[in-house]
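What follows is one structure encoded as structure tokens, with my remarks underneath.
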Amino acid sequence: MADENLKPLTDFFSAIEKDFRISSTHIAIYAALLQFRSVKGFINPVEVFRRELAPAAKISSAHTYHKCLHELDEYGYLRYEPSFKKTRGSRIYFYDFEISKTELL
């Protein structure tokens, strides 16, 4: 069971292995997102607020947080739909890397 719970993180690390664009900040955000998703019962998509996720990823800058999420979206590691509303979190869709980056879990 533990191996199955780590699969999304393991798949992500395999996918980024040769991607020079990915920094430790991207990895921190992705890991925090996976933790958040597990707490929410592995739903897809998850709705998240920066104020919930940034501390877990150890990111204090709103600019860095949004920039990294946009880049993870642009690079095909997740789909990020910002909400621009204080009462509604942004939606994050996770991909199944084994199927393809264009198919959602």
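At 7 Å along Cα-to-Cβ for each site, give me the label-to-label distance between TYR75 and ARG51 in nm.
2.9 nm
Using the beta-carbon distance between LYS40 and ASP96 and R0 = 22 Å, what value does 1/(1 + (r/R0)^6) give for FRET efficiency, to the nearest 0.05?
0.80
From the square roots a ≥ b ≥ c of the eigenvalues of the alpha-carbon gyration tensor of region 2-94, which class results: rounded (a/c under 1.5), prolate (a/b over b/c), or oblate?
oblate
Values in this text are rule-based calculations from the coordinates and carry no lab data. Keep in mind that what you see is a predicted model, and the values were worked out from it rather than measured. Heads up, the Cβs are rebuilt from the backbone with ideal geometry, glycines too, and the neighbour counts pull from every protein chain shown.
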